[in-house]
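Input: a single structure, listed below in structure tokens.
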Amino acid sequence: MRALDALSLKNLKVALDADGIATVTLSRAEKRNALNAETVDELIDLFTAIPRAGVKAVVLRAEGTHFCAGLDLVEHLEADRTPAEFMHICLRWHEAFNKMEYSGVPIIAALKGAVVGGGLELASAVHVRVADHSTYFALPEGTRGLFTGGGATIRVADLVGKARMIDMMLTGRIYKGEEAVSVGLCQYLVEDSEAKAMELARAAASHPPLTNFAICSAISHMQNMSALDAAYAESVVAGIVNTQKDARGRLAAFADKSGARIRPE
Ligand code: 1HE
């Protein structure tokens, strides 16, 4: 935990439990966890440290009743940024979110309330999204006279498809409940998103770390490649992961019939 303890965080909290599950909390509830420049810098620092700190899985949660209200609009207004300044702000957002998506450490988001604008960009950079019945998703950039800058054109379009993303931005359409699950904005809809996210994090953390590294890094990299190159890269990754010593006990357990069988009940 030393690497995480050494960080100086104002807008985020982090706690690591004995099982190696880190709970990362957005803690700017009085501003609905809007992402100011300082919070994005803290996300970069934290998600640089997490893969090196022996963390097995992360639950990303928020204080207050909303997960994240997106770009800090008041800071943006007051800073009166130049195009170059805001380009650099966006590059910092990308740095933070890329560190999350490509970290190799599973990140499960416990969502609630508003997951909007840059808040949806943040949520789309994690590996599993768990919503509760208060959760709603929107891209209100159009309404604000803005455009996405934190990766929505890549990740939100990837989750819901180009047509739905354009509709969300042009019309302010809000998705929630089962419809949000069915269009791909979240994978779970439950009463208690934090409890479910923790349960999923514990399940993921029971895998060998190298296996999770591949799942939470290689798949994203391979999406960026041609099919030919992705198949090659997949073979290389499988060569390393599927021959790891950590897997042998699990294979032996299957062979001697003590290992769990994969059944729907
Ligand atoms: C904020 C922000 C914010 C709240 N930036 N300060 N995102 C949006 O367009 C969403 C903007 N926020 C809202 O629509 C609402 O605040 C909520 C629906 C999320 C919550 O409503 P509510 O009634 O609970 O709170 P509130 O009274 O609106 O806000 C409470 C405080 O949080 C208030 O500050 P205060 O000092 O006056 O108490 C708000 O100003 C503050 N607050 N949201 C700054 N977003 C890389 S490009 C990404 C582009 C985008 O993300 S665009 C989408 C921006």
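Please treat every number below as a calculation from the coordinates, not as lab data. Given the structure is predicted, the values throughout are model-derived calculations rather than measurements. We place every Cβ from the backbone using ideal geometry, glycine too, and count neighbours over all the protein chains shown.
Arranged from fewest to most other beta-carbon atoms within 10 Å of their beta carbon, 221, 127 become 221, 127. The range 162-187 and the range 94-121 have Cα centres spaced 17 Å apart. Classify the range 209-255 as rounded, prolate or oblate from the Cα gyration tensor: take a ≥ b ≥ c as the square roots of its eigenvalues, call it rounded if a/c is under 1.5, otherwise prolate when a/b beats b/c and oblate if not. Judged from the Cα gyration tensor, the range 209-255 comes out prolate (a/c at least 1.5, a/b above b/c).
Shape analysis of the range 11-162 yields a ratio of the Cα radius of gyration to the Kirkwood radius, Rg/Rh, of 0.95.
For residue 256 and residue 91, compute 0.36 nm times the residue count separating them, minus their Cα-Cα distance, and round to one decimal in nm.
Values: separation 165, 0.36 × 165 = 59.40 nm, distance 5.14 nm.
This chain segment gains 54.3 nm when fully extended.
Once every Cα of the chain carries one equal point scatterer and solvent is ignored, give the base-10 log of I(q)/I(0) from the Debye formula at q = 0.08 Å⁻¹, two decimals. For the chain at q = 0.08 Å⁻¹, log10 I(q)/I(0) is -0.34. Would you look at the GNM of the chain, springs on alpha carbons closer than 10 Å, and say which of 44, 219, 21 moves the most? Most flexible of the set in this elastic network: 219. One Cα centroid belongs to the range 243-261, the other to the range 22-91; the line between them spans 41 Å. Between residue 263 and residue 206, the distance separating the two model label sites (each 7 Å from Cα on the Cα→Cβ line) works out to 1.6 nm.
With a ≥ b ≥ c the root eigenvalues of the C-alpha gyration tensor of the range 149-251, is it rounded (a/c under 1.5), prolate (a/b larger than b/c) or oblate? Taking the square roots of the gyration eigenvalues as a ≥ b ≥ c, the range 149-251 is oblate. Specify whether the C-alpha gyration tensor of the range 54-128 places it in the rounded, prolate or oblate class, a ≥ b ≥ c being the square roots of the eigenvalues: rounded for a/c under 1.5, otherwise prolate if a/b is larger than b/c and oblate if not. Oblate shape, in that a/c is at least 1.5 and b/c is the bigger or equal ratio.
Provide the FRET efficiency to the nearest 0.05 for the residue 98-residue 219 pair, computing r from the beta carbons and using R0 = 22 Å. Efficiency for this residue pair is about 0.95.
How big is the charge dipole of the chain about its Cα centre, in debye rounded to the nearest 20, if each Lys and Arg gets +1 on its Cβ and each Asp and Glu gets -1 on its Cβ?
Charge dipole of the chain: 680 debye, to the nearest 20.
Taking 30 Å as the limit for the C-alpha separation, the pairs 10/162; 13/245; 99/176; 112/245 exceed it in the case of 10/162; 13/245; 112/245. For the chain, relative contact order (Cα pairs under 8 Å, six or more residues apart, normalised by length) works out to 17 percent.
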